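**Student:** I'd like to ask you about the structure that follows.
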There are 2 protein chains.
Amino acid sequence: MGSGAGVTLTDVAREAGVGESTASRVLRSHGSFSSKTRASVLEAAARLGYVPNRIAGTLASTGSKLVGIIVPSLANIVFPDLLRGANSVLGKAGFQSVIGVTDYDLVGEEALISSLLSWRPAGLLVAGLEHTARADAMLRGAGIRIIEMLDTDGAGIDMVVGFSNREAGRASARHLIARGYRRIGYVGHDLALDLRAAKRFEGFRAALAEAGLQVAGQVIASVPSSIEAGRDGLARILDETRDLDAVYFSNDDMAIGGYFLCLSRGIGIPDRLALFGHNGLEVARCAPQPLSTIRTPRVEVGEASARLISSDGPPAVVTLDFELIEGATT
Amino acid sequence: MGSGAGVTLTDVAREAGVGESTASRVLRSHGSFSSKTRASVLEAAARLGYVPNRIAGTLASTGSKLVGIIVPSLANIVFPDLLRGANSVLGKAGFQSVIGVTDYDLVGEEALISSLLSWRPAGLLVAGLEHTARADAMLRGAGIRIIEMLDTDGAGIDMVVGFSNREAGRASARHLIARGYRRIGYVGHDLALDLRAAKRFEGFRAALAEAGLQVAGQVIASVPSSIEAGRDGLARILDETRDLDAVYFSNDDMAIGGYFLCLSRGIGIPDRLALFGHNGLEVARCAPQPLSTIRTPRVEVGEASARLISSDGPPAVVTLDFELIEGATT
DNA sequence: GTGAAAGCGCTAACAG
DNA sequence: CTGTTAGCGCTTTCAC
């Protein structure tokens, strides 16, 4: 067991007394060779501590085993969940995930796309449908499978896997309306950045309008979503808008913050105030009063997206279902 | 702006009317060339939609710009936090993160290490000090910077960045003892897998012993940590062990579960029962009663680790401080 | 300041 | 079943 670094296929072949290509075939269990040759190559490789050089392998062969994954953030568990689903499927198929984090910046995304593409990945998974014009052009011209995730409200480039945030927002509104709430507020986070949250809010308002209603008040923090932002946001909207009977939050993090505020202030839920979130996080499910929310298939979207990397079908949209969870906060 | 895919440096050079090596120098702003040459190369590259092939570049040059990062899980926000810190620093330095998730399996880790090493990364960041013998040998023989993260209780291979979980456990125990608690229970998750949680518990018991105490009872779920596991674990220990006055949880997820149980059952905190966690998550900080816990420098560990990738100093241990947070649950 | 030539380590035909 | 021969696309001496 040598140092391993610097040992090449040539060394292994020489040590085993065979040609390079034979050693290569054995090591990749591809093509044919006698079991005797096989044994000696494998033994030589082990003795030398050979670690194949995938960089060279990728360059020599046509396709790479790298897959790029681009997400806007890692601070919200939603994206690690997505990554987790994708990575687990990719790993089993022999792919390596190369990640990029945009910080919700489309220009940063453009740079990341260019950078990831330079590794000649087998495919690219990217959260969201919105891109800069240049990013869009790069993705279209890359000649690899592009999977856009988590959003089906808009046109995709190649494959799209997700659900309709607009419909999720509509469903949330219809639920509150059906429960009898009429003075409904909205507490959200930076919508200019989180485009999917914006689409939910849009769907939410549309459904309210269909029922002849509109949001009775809204507070939109100009920060990323967080429990703290939700707590502070609810405090503000309660100050600014009287007689709210329900509040729709941009996601569960925000909603849990609101829930905590109600607990602190002794605001009765749902009698005095109803709360509704989005995502179906564990913390929302396990709270003393489970939060009413929408469970989104994040891990599943990651898994399904990863599976599509090796598909050769035509562009398509895969819609996964979200599920409305009637908790104890409505 | 062509298809981009398939355009090579040779094409760009021909289009610009210069030699390949000149085009290469311009594109990497390395070496010398006239500003006129520069302009024509850049223009040709843009016109052709050239995307450099880093695979080829890496093979031709010596060093790669890939960095492997291995974590046990993505389900617990702790590791995304670590990744986030590392990735942000790496990105700024022109590196790409290639991730691997072990699912807390050391044999899986070994396979991942071998797989990541085959991409000839510039360095490897790996969570934890424990590895299989073969993994250890591969890491030592890789000839690149190896950074082991989040744990300083043990011997490292090259660089180590983290804090002492044992000391964190001790500090937690001393805090509870100083507050006057004597009948202290432990609610944890699978310690055979989460070695750092095991070290915390070990330090915790050691500090109790120094005060002539021992845990009054313990419940260890054989599942990964979660809010639900913490809630159920607390329910069980309250059944099994009478007169507990405090419970130490393996981490904040578990502790928040316990906190939720207390809220549900109307168990007064901290008078009737004190709770102590570990990690300093946002949800713990924002709860109606902030959880007493230890804030761990996860993002900072990721950042510091990433910075060390390009260092050329001798092996070293970088210890970052954790901070005990006196919340309202003790 | 610039180009020609020689690989980086491997895979993929192709003969044998 | 096995070895030889060309490259993959780029970087890197090294002359010019």
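Any read-out appearing in this document is the output of simple, stated calculations on the displayed coordinates, not a laboratory observation. This is a predicted model, so every value here is computed, not measured. Please note: Cβ atoms are built from the backbone with ideal geometry, for glycine as well, and neighbour counts cover all protein chains shown.
**Student:** Going by a ≥ b ≥ c, the root eigenvalues of the Cα gyration tensor, does the protein assembly as shown fall in the rounded group (a/c under 1.5), the prolate group (a/b larger than b/c) or the oblate group?
**Tutor:** Because a/c hits 1.5 or more and a/b fails to exceed b/c, the protein assembly as shown counts as oblate.
**Student:** Would any residue of region B:191-216 have its amide N under 17 Å from a label point 7 Å out along Cα→Cβ of B:Arg182? List them or say none.
**Tutor:** The answer is B:208-216, whose backbone nitrogens lie closer than 17 Å to the label point.
**Student:** If the reach is capped at under 25 angstrom between alpha carbons, list the lysines near B:Lys65, excluding any in the same chain fewer than eight residues apart.
**Tutor:** Result set, ordered by chain and number: A:Lys65, A:Lys92, B:Lys92.
**Student:** With a 10 Å Cβ neighbour count serving as the proxy for reagent exposure, in which order, fewest first, do B:His131, B:His30 appear?
**Tutor:** With the sparsest Cβ surroundings first, the list reads B:His30, B:His131.
**Student:** Tally Lys/Arg at +1 and Asp/Glu at -1 over every other residue whose Cβ is under 12 Å from the Cβ of B:Ala46; what's the total?
**Tutor:** Spelling it out: positives minus negatives among the neighbours equals 0.
**Student:** Go ahead and run the numbers for FRET between B:Ala316 and B:Ala93, Cβ-Cβ distance against an R0 of 30 Å, rounding to 0.05.
**Tutor:** Given R0 = 30 Å and the Cβ-Cβ separation, E is 0.95.
**Student:** I've got another one for you. Per the helix-only calculation at 222 nm, which mean residue ellipticity applies to chain B, given -39500 (n - 2.57) for every DSSP H run of n ≥ 4 and division by its residues, nearest 500 deg cm²/dmol?
**Tutor:** Rounded to the nearest 500, it is -13500 deg cm²/dmol.
**Student:** How big is the dipole moment of the protein assembly as shown about its Cα centre under a simple scheme where the beta carbon of each Lys and Arg is +1, that of each Asp and Glu is -1, and everything else is neutral? Debye, nearest 20, please.
**Tutor:** Approximately 980 debye in magnitude.
**Student:** Here's another thing I want to ask about it. In whole Å, what is the distance between the alpha-carbon centres of region A:2-59 and region B:9-38?
**Tutor:** One Cα centre to the other: 37 Å.
**Student:** With an 8 Å Cα cut-off and a minimum separation of 6 or more residues, compute the relative contact order for region B:175-330 in percent.
**Tutor:** 21 percent
**Student:** Something else: If R₀ is 41 angstrom, what is the calculated FRET efficiency for the pair A:Glu326 and B:Thr10, using the beta carbon separation as r and rounding to 0.05?
**Tutor:** Step by step, r from the Cβ atoms, then E = 0.05.
**Student:** Working from Cα positions, state the angle (0 to 90°, nearest 10) between the long axis of helix B:106-117 and the longest principal axis of chain B.
**Tutor:** Helix B:106-117 and the main axis of chain B meet at about 20 degrees.
**Student:** May I pose another question? Is region A:162-232 rounded, prolate or oblate when judged by the Cα gyration tensor, a ≥ b ≥ c being the square roots of its eigenvalues, rounded requiring a/c under 1.5 and prolate requiring a/b larger than b/c?
**Tutor:** It comes out oblate by the Cα gyration axes.
**Student:** Using mean Cβ contacts within 10 Å as the protection proxy, how do A:15-26, A:145-156 order, highest first?
**Tutor:** A:145-156, A:15-26
**Student:** In addition: What does the copy distance list look like for B:Glu323, label position 7 Å along Cα→Cβ, in nm and ordered from shortest?
**Tutor:** With the label placed 7 Å along Cα→Cβ, B:Glu323 yields 4.0 nm.
**Student:** About its Cα centre, what dipole magnitude does chain A give when the only charges are +1 on Lys and Arg Cβ and -1 on Asp and Glu Cβ, stated in debye to the nearest 20?
**Tutor:** Approximately 880 debye in magnitude.
**Student:** Taking other Cβ within 10 Å of each residue's Cβ, how do B:Arg298, B:Arg272 sort, fewest first?
**Tutor:** In order of increasing Cβ crowding within 10 Å: B:Arg272, B:Arg298.
**Student:** Which aspartates and glutamates have a Cα lying under 17 Å from the Cα of B:Lys36, excluding residues fewer than 8 positions away in the same chain?
**Tutor:** Partners found: B:Glu15, B:Glu20.
**Student:** Something else about it: Would you kindly work out, in nm and rounded to one decimal, the distances from the label point of A:Ala192 to those of the same position in each other copy, ordered shortest first, with label points 7 Å along Cα-to-Cβ?
**Tutor:** 5.4
**Student:** Can you list the distances in nanometres, one decimal and ascending, from the A:Asp312 label point to the identical position in each other copy, with the point 7 Å along Cα to Cβ?
**Tutor:** Inter-copy label distances (nm, one decimal, shortest first): 4.8.
**Student:** Okay, next question. Can you work out which chain B residue has the shortest Cβ-to-axis distance for the rotation that carries B onto A, and give it in Å?
**Tutor:** B:Pro80, 2
**Student:** Taking chain B as the reference, fit the longest principal axis to its C-alpha atoms, fit the long axis of helix B:78-92 to the helix C-alpha atoms, and give the angle between the two in degrees, 0 to 90, nearest 10.
**Tutor:** Result, in degrees: 20.
**Student:** Right, here's the next one. Order of B:Lys92, A:Lys65, B:Lys199 from fewest to most other C-beta atoms within 10 Å?
**Tutor:** With the fewest neighbours first, B:Lys92, A:Lys65, B:Lys199 line up as B:Lys92, A:Lys65, B:Lys199.
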